[in-house]
Amino acid sequence: MPNNICQPSISKPRRRLNPRKLMLSKWTAVTPENKEKHFIVTRVVQPEHPDEPIEWIDLQAIHSKRTQTLRWHVLLDAQCWLQGWK
C-alpha cells in the first residue's frame, strides 16, 4: 500500500491541511494496491497532552475495511495521495 512507501516529499510544495479537520475526509491512493484505492479517515488520534500537535490518524480502506494508523503528514504528498475520491 502506498502509505508505507510514500513519505511527504520535501522538495515539492505541500498542500495545506488542518489535522483537526481530517476526520471523515476522503482520500485516493495514487498507486492502489490490493484493490485498495479509496480511503477515509476514521479517527484522528489525540495526543496525550492537549498542547502537543496531532501526528497520527486511522485510515480505512473502503474496499477491504482494513484500517491502518499512520502519520497524517503522508497525505500531503500528491505523488501518493489525492484528496477526495477520484
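Quick note: the coordinates plus some simple rules give every number you see, no bench work behind them. Remember, it's a predicted structure, so these values are computed and weren't measured experimentally. Positions of Cβ are backbone-derived with ideal geometry, glycine not excepted, and every protein chain shown enters the neighbour counts.
Counting Lys and Arg as +1 and Asp and Glu as -1 over every other residue whose Cβ lies under 15 Å from the Cβ of Arg66, the net charge comes to +1.
If I stretch the segment between Arg20 and Ile40 completely, what's the gain in nm (0.36 nm per residue apart, minus their alpha carbon distance), one decimal? Numbers along the way, then the final one.
On the way: separation 20, 0.36 × 20 = 7.20 nm, distance 1.45 nm.
So the chain would gain 5.7 nm between Arg20 and Ile40.
At most 14 other Cβ atoms within 10 Å and a DSSP loop assignment: could you name the chymotrypsin sites (Phe, Trp or Tyr not before Pro) in the range 9-86 that fit? Those satisfying the criteria are Trp85.
Take Val74, Val45 and order them by how many other Cβ atoms sit within 10 Å, fewest up front. Intermediate values should be presented prior to the final figure.
Numbers: Val74 19, Val45 14.
Ordered by Cβ neighbours within 10 Å, fewest first: Val45, Val74.
Each Lys or Arg adds one and each Asp or Glu subtracts one; over the other residues with Cβ under 13 Å from the Cβ of Ala29, this totals +2. As a rough footprinting exposure proxy, the listed residues Ser64, Ser25 were ranked by other beta carbons within 10 Å of their own, and the order from fewest upward is Ser64, Ser25. Could you please report the charge total around Pro47, scoring K, R as +1 and D, E as -1 over all other residues with beta-carbon less than 15 angstrom from its beta-carbon? Overall, the nearby charge balance is -2.
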